[in-house]
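Novice: Right, I'll just put the structure down here and ask away after.
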Amino acid sequence: MNDRPNPGWFGRNWKWFVPTGCLTVLLLGALVLAGLIGLGIKGVSGLMSGSEPVRHAMQLAQTNPEVKAAFGEPLETGMGFQGSLTTDNDRGSADLSLPITGPKGSGRLYIKGSREADRWTYRLIEVAIDGSERRIDLLGPAAKPAQPLETAPEDGKDEGEVPAGESAAA
């Protein structure tokens, strides 16, 4: 007769259990890693979308009639922010590109600006429409840097002098 004892469950099933168990562990690890990466991307996008430059640019885009006509309403940001946003106490800079979508189309919102004394100044905020060369400048001509005066003032005042009652910020 046979003097060997009957093998246990693992002794009989190890040939399929070991590869299946290893594969299960690898798949679970991959799912956890993908989830962490997804949360990280969503977290970074959430941080960027809550920043002052993005909020300001989105407000300009949502109230601009050309953007409304091209994209429809509601206008929303998508995933896939590109660029950099740095802040250090009351200083900072933004050079961002983010996808925007609406019922009628999609495009990208470009933002370039700097922060001094806790106040943002924007050099560029514009919308590029996907599938088109068209760009919509959201800052408009009023936001462009003023051209220096080419002629001397005729009333005898210094160039930097602002008449009483008028604002230098105008």
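The values are calculated or read from the model by the stated rules, or taken from the named source; none is laboratory data. Treat the numbers as computed from the prediction; the structure is a model and nothing was measured. Here the Cβ positions follow ideal geometry from the backbone for every residue, glycine too, while neighbour counts run over all protein chains shown. Calculation scope for accessible area: heavy atoms of the full protein, side chains included, ligands and nucleic acids excluded. Shrake-Rupley method; radii C 1.70, N 1.55, O 1.52, S 1.80 Å.
Novice: Cβ under 12 Å from residue 118's Cβ, residue 118 left aside: what net charge do those residues give with Lys, Arg +1 and Asp, Glu -1? Present the calculation step by step, with values, prior to reporting the outcome.
Specialist: Details: positive: 91, 115, 119; negative: 52, 88, 90, 116.
So the environment of residue 118 carries a net charge of -1.
Novice: Taking H placed 1.01 Å from N in the peptide plane, check which residues at least 5 places from residue 124 or on another chain put their amide H under 5 Å from its amide H.
Specialist: Sorted by chain and number, the residues that satisfy this are 112.
Novice: Could you go through the stretch 105-114 in sequence order and give the Karplus-derived ³J(HN,Hα) for each residue, using 6.51 cos²θ - 1.76 cosθ + 1.60 with θ = phi - 60°, rounded to whole Hz, and x for Gly and Pro?
Specialist: So the J values, rounded to whole Hz, are x, 9, x, 10, 10, 10, 9, 9, x, 9.
Novice: Can you put 18, 67 in order of accessible area, largest first, using a 1.4 Å probe?
Specialist: On the way: 18 65, 67 0 Å².
Most to least solvent-accessible, the answer reads 18, 67.
Novice: Which value, in Å² and to the nearest 10, is the accessible area of residue 137 when all protein chains are kept and the probe is 1.4 Å?
Specialist: 60 Å²
Novice: Continuing with the same structure: Could you give the length gained on full extension between residue 9 and residue 121, defined as 0.36 nm per residue of separation minus the Cα-Cα distance, in nm?
Specialist: Numbers: separation 112, 0.36 × 112 = 40.32 nm, distance 7.19 nm.
Contour length minus Cα-Cα distance gives 33.1 nm.
Novice: A follow-up question, please. Determine the sum of side-chain charges near residue 83: Lys and Arg each +1, Asp and Glu each -1, restricted to other residues whose C-beta is under 10 angstrom from that of residue 83. Could you put the intermediate results ahead of the total?
Specialist: Details: positive: 112; negative: 95.
Local net charge: 0.
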